[in-house]
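Only one structure is covered here, and it is reproduced in the block below.
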Amino acid sequence: MQDRNAEPPATATSPHEEESEERFDRLVRALPLGVMMLDERARVTFANPAAAAIFTFDRQRVLGQHVIEPISSLDLERRVEDALAGEASLGPLILTGKGGNRTYAISVYPLTEGGGLSQDHEAVQGALILAEDQTELVAMERARQEFLSNVSHELRTPLSSAKLMLETVIAAPDDEAREIFLPQVLGQVDRLSALVQKLVEQARAQSGDVPLKLERVDLKSVVLPIVRSFAQQAEAKSVDLTLEDEANPRVDVDRDRIGQVVVNLIDNALRYTDPDGAVTVKLSTDKDEAVVTVADSGIGIPFKDLPHIFERFYVVDRSRAREVSGAGLGLAIVKQIIDAHKGSVSVESRLGRGTKFVCRLPLVAP
């Protein structure tokens, strides 16, 4: 006779089900999205490698810990408690660490005993956390907005000036106003043209299109005329601009584009150097590289900004610089041109003690 109190035989898992579970487990572990599972007491029962990387913890060591131990956030703890009560949530989470604030997109869902997302009529037995680190995305969006604001200002200022001067010329009864204002209008138009050209260069570089017309040149023949062209601007600002040519390296470069690099660096140095300061352009060699150095005694760059100085859209806080103009495109273009020549560019700076940019280009083999 069959025993009615006996437990029903366990249902065997088919090979197909085992294969599906194994495949799903591999998928979750390989996801770039952080995945964590918690039990009904908010203790960690699973964390995939992406979650460990995003929140910088040991995924084996956190098992059994309360979620607030590996992720110290009262906001996340509150959202987990809401999930365990049956309420899902989706929103940003900002954590402060040694490297500064980091921003995450966090989704927290209630789970049933079987591991599925909870429905209204099912009891909640745990919580599921999905996490994505969006720090770089948020920083890029902030930089993009600052970039658009700066470019708008740079376009609006010369346009407003040119419009005002042209209105004065039209209203004036004699030729004196034309002689005074028309050259200034031309200068503002040149300023606009230069800005538009920088925008075009930036767009080309972002698409990977930096065409080069290589020719073998003595680097001094590129640099010296540019230094001389800035002499009047430096003199007007009482800045000592000099060229030190320890060597005259021969390089295979696009003359115009390397000239653009030197123009951008000298212009940048002059704008951020106080009167009676100095800007030094130096030509030298180091092993198999030609080296162009542009150093100034200006206001310097804050340490926190140095790692980002060549990033597109990145603009250093210029509140210290007293109305220094510029759209923040020059240094990004410098790096893109040097990279296209298989070279490198670096920066050294101390706040209040000046800045030095060093460009390295491959020398022509003897």
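Laboratory data are not the source of any read-out in this text; all were calculated from the coordinates shown. Everything numeric here is computed off the predicted structure, so don't read it as measured data. FYI the Cβ positions are ideal-geometry reconstructions off the backbone, even for glycines, and counts take in every protein chain you see.
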Open item on the list: Quick check on my link table: of 163/237; 237/304; 237/335; 304/335; 213/287; 213/335, which ones sit more than 21 Å apart, alpha carbon to alpha carbon?
Closed with: 163/237; 237/304; 237/335; 213/287
- [ ] Arrange the peptides 54-66, 123-135, 254-266 so that the one whose residues have, on average, the most other Cβ atoms within 10 Å appears first.
- [x] 254-266, 123-135, 54-66
Task: residue 61/residue 41 FRET efficiency (R0 22 Å; Cβ-Cβ; nearest 0.05) - done: 0.75
Open item on the list: Using 0.36 nm times the number of residues separating residue 365 and residue 167, minus their current alpha carbon distance, what extension gain do you get?
Closed with: 65.4 nm
Open item on the list: What's the magnitude of the charge dipole for the stretch 210-366 around its Cα centre, counting Lys and Arg as +1 and Asp and Glu as -1 at the beta-carbon? Answer in Debye, nearest 20.
Closed with: 280 debye
Task: HN-Hα J in Hz across the stretch 211-218 - Karplus 6.51, -1.76, 1.60, θ = phi - 60°, x for Gly and Pro - done: x, 10, 10, 6, 8, 7, 9, 7
- [ ] Averaged over every viewing direction, what's the projected area of the C-alpha convex hull for the stretch 223-284? Give it in nm², one decimal, please.
- [x] 4.0 nm²
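Equivalent ellipsoid semi-axes for the stretch 210-366, as square roots of 5 times the alpha carbon gyration tensor eigenvalues: give them largest first, rounded to whole Å.
Each semi-axis is √(5λ); the values are 25, 18, 14 Å.
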TODO: At 7 Å along the Cα-to-beta-carbon direction for both residue 137 and residue 289, put a label point, then send me their distance in nm to one decimal.
DONE: 3.6 nm
